[in-house]
Amino acid sequence: SLDDLHDPYLMTDMKKAVSRIEQAILREENIMIYGDYDVDGTTAVSLVYDYLMSYYSNVATYIPDRYAEGYGVSYTGIDFAVDNNISLIIALDCGIKAIDKVSYAREKGVDFIICDHHRPGNSLPEAVAVLDPKRSDCNYPYDELCGCGIGFKLIQALSLNREQSIDDLIPYLDLVATAIAADIVPLTGENRTLTYFGLKVINSAPRPGIKAMMQQTKKEVFDITDVVFKLAPRINAAGRIEHGLFAVNLLTEKNVESAMAYAEAINTYNNQRKDLDQNITQEALDQITTQKEEHLSATVVLNEAWHKGVIGIVASRLIEKYYRPTLVFTKSGDKLAASARSVRGFDIYNALEQCADFIEQFGGHKYAAGLTLAPEKYLPFKQKFLEVVKETMPEEFLLQQITIDATINLSDITSKFQRILKQLGPFGPQNMKPVFMASGLRDNGYGKRIGDNGAHLKLNMISGSDRRTYNAIGFGLGDKYDLISNGKCFKAVFTIEENHWNGMTSLQLNIKDLCEDA
C-alpha cells in the first residue's frame, strides 16, 4: 500500500532542502538538476525536473559527460551553472563525497542540495542540505533507497508542502521503479512498494519515452526482469555511447512522435553497446588466459583502448565466467578508471577502502563501485587488491550456489499457485523469486539446443504419470543437453515465469541448473 511509505520529513535535512527550493522559486532563481549518467541518475534528474516544471519554469538539467568529466559532481558542471546564472544545484545519485567541489560552488555563489544514497566519507560536503539515509546522523526508517528514490522523497516532501496527495505522484513511479530495478538495490520495504506501483504505471500509463522503448521490445506486459534487461540497458546506452542527457530528453519528452525518434536513436546506441560489450569481453578473457591469471582470487584487467562506457558490463560478464571480484580498467583522460563488481557475500567497497593509498577517487556499494587512479599506481594497486581479497574473502564465497526454497511436483504448478507466488513480488535482491526443485523428470523428446552455438536449452518436461508437458528454458545450459536426451531422468532447479503473447498468458519454467537423477 502507498500508505506504507514513510514521512519524507523523517530524513535529516529534508526541511532545509524544501525550504531552499521554495525560497529559490519565490526569488525566481534558476535551478539546475544535476545527476549521474547511469539509469539511476538520469531517471532521478527526469523525475525532479518533471515535477518542478509542473509549476516552475526556471529549471535546467545537467548530466556530466562520462568521458570529459567523469562520475559525479564536476567543476565543469559548476562553471556551467555560474555562466548561466544558476544559483541552486540539486544533485541526484551523486555528491556525497564532493566536498571540494561543493566548497568551490559556494565560493562562486552556488548552493547545493545533495540527494545521494552512496556511503558518505568521514565528513559531509557543506551543502544547504544533504539527503542520504546512510548518513550516520539520519534516522530515516529505510536506508536502501536508490538515487531516484531519494529524489522521489524530495518531491513527496515538496508535494506535502503544496497540499498534494500521494496519488498526484503516482505518474512518476515508472521512473522510480526503473531506477530501483536497474540499480540492484534491495527489493524490500519502500523499494518494494514503489516498484509494485511503478510497474502498474509502466504497464498501464507509462510516460511517452518509456512507452516508446517498450514498443521496440515487442513485449506486451513488463515485469521487473523486463525492466532490468530491456528498459535499463537502453537508458544506459545513451550515457555509454552518446550522452546521458539524451536519456533525460527521452524520459521527459511529452510528444509521442518525438519520444519515438529518441527511442529509435537510443536503440541504435544499445546495439552499438552490445557489439562493444562482446568484443571487449573477449579481449579481457584473452588477457586473463595469456597472463595465466585464471586461478587468482580476483580479476583485475586493463586495456587503455577499451570503451569506458561498457567496462561495468564487461566486469559482470567476467564474473559469469570466473565468479570472483572483478575490476576492469581503461584510460580516462590522464588517469585510469575502473568499474568494480563483486560476488555474493563479498563487500568490494570495503576492499577498495583498504587500498585507498593507491586510489585517487572511489565510490559505490557493496557489490558495485567505480574508481580512478594514476597510471603509475596501477601495478601496486593491483597487487594490494589481490592480497586484500585473498586474505579477507572466505573460499565458499567463490562457489556459485543456488538456494532452493522448496521441492515440489510439476503438477503443483498451476495458475492459482502462480497467482499466490506473484503476491510475494516484485522480486529482486533480498526478496528473490522462489526457487524450486523437482525430480524424476524427463524431456518429451522435443528438447533441443537453441541460440548462438546452441548456448541455451529448450525443454518440454514430463513427470511420472502426469500427462501434462511443462515448457522450460535453460539459459546458458546448452552444454547439458546430454543429461536430458534419450529419455534420461533428471532433476531440475527453476523459477516459474509468465509468458504473455497475443493476449494469452502461459507458464514457463526458467531452469537454473539440472543434473542426473539416479
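Within the option set L296, L285, being open to solvent by 30 Å² or more (accessible area, probe 1.4 Å), touching a helix residue (DSSP H, G or I) at 6+ places or on another chain (Cβ under 7 Å) and not in a helix (DSSP H, G or I) holds for one residue only, L296.
Suppose we keep only residues that are acidic (D, E) and under 19 Å from K512 (Cα atoms) within segment 395-427. Which one would you say is least open to solvent (accessible area, probe 1.4 Å)? If you could, list the steps in order and put the result at the bottom.
Filtering segment 395-427 for residues acidic (D, E) gives 395-396, 405, 412.
In the following step, the residues that additionally are under 19 Å from K512 (Cα atoms) were identified as 405, 412.
Numbers: D405: 99, D412: 69 Å².
Only one residue fits best here, namely D412.
For T392, are the conditions met, namely being loosely packed, with under 14 Cβ neighbours inside 10 Å and not hydrophobic (A, V, I, L, M, F, W, C)? No: the conditions fail for T392. Taking segment 159-229 as the region of interest, the helices (runs of 4 or more DSSP H) fully inside it that hold 1 or more residues being of a type in the set (S, T, Y), closer than 14 Å to P426 by Cα and open to solvent by 60 Å² or more (accessible area, probe 1.4 Å) are 189-204.
Just checking, which of G72, G109, G121 is modelled with pLDDT under 95, more than 18 Å from D40 (Cβ to Cβ) and not aromatic (F, W, Y)?
Details: G72 fails: more than 18 Å from D40 (Cβ to Cβ); G109 fails: modelled with pLDDT under 95.
Answer to the selection: G121.
Of the numbered criteria (1) among the β-branched types (V, I, T); (2) more than 20 Å from A177 (Cα to Cα); (3) within 20 Å of the chain's Cα centre (by Cα), the one I25 fails is (3).
Kindly establish whether N453 is among the polar types (S, T, N, Q), outside any loop (DSSP other than H, G, I, E, B) and open to solvent by 70 Å² or more (accessible area, probe 1.4 Å).
yes
Open to solvent by less than 40 Å² (accessible area, probe 1.4 Å) and either modelled with pLDDT under 95 or in contact with a Pro (Cβ under 8 Å, 6 or more places away or on another chain) (or both): does that describe S46? Here the answer is no, as S46 does not meet what is asked.
Residues in segment 50-83 that are open to solvent by 20 Å² or more (accessible area, probe 1.4 Å), within 23 Å of the chain's Cα centre (by Cα) and of a type in the set (S, T, N, Q): T61 only.
State all residues of segment 230-251 that are closer than 20 Å to E69 by Cα, in contact with a Lys or Arg (Cβ under 9 Å, 6 or more places away or on another chain) and surrounded by fewer than 24 Cβ atoms within 10 Å (Cβ to Cβ); if no residue qualifies, say none. Scanning segment 230-251 gives I241, H243.
Within segment 245-291, the set of residues being closer than 30 Å to Y322 by Cβ and at pLDDT 90 or above comprises N279, I280, T281, Q282, E283, A284, L285, D286, Q287, I288, T289, T290. If only residues of segment 339-362 that are among the small types (G, A, S) and on the phi < 0 side of the Ramachandran plot are counted, the one that is surrounded by the fewest Cβ atoms within 10 Å (Cβ to Cβ) is A356. Which ones in segment 6-29 are among the aliphatic types (A, V, I, L, M) and outside any loop (DSSP other than H, G, I, E, B)? Passing the criteria: L10, M14, A17, V18, I21, A24, I25, L26.
Taken as a whole, the structure leaves K308 outside the set of residues that are open to solvent by 20 Å² or more (accessible area, probe 1.4 Å), under 21 Å from P64 (Cα atoms), charged (D, E, K, R) and at pLDDT 90 or above.
The values are calculated or read from the model by the stated rules, or taken from the named source; none is laboratory data. On a predicted model such as this, the values are computed, not experimentally measured, just so you know. In this analysis, Cβ positions are derived from the backbone assuming ideal geometry, glycine residues included, and neighbour counts consider all displayed protein chains. With ligands, DNA and RNA removed, areas are computed over all heavy atoms of the protein, side chains included. Shrake-Rupley method; radii C 1.70, N 1.55, O 1.52, S 1.80 Å.
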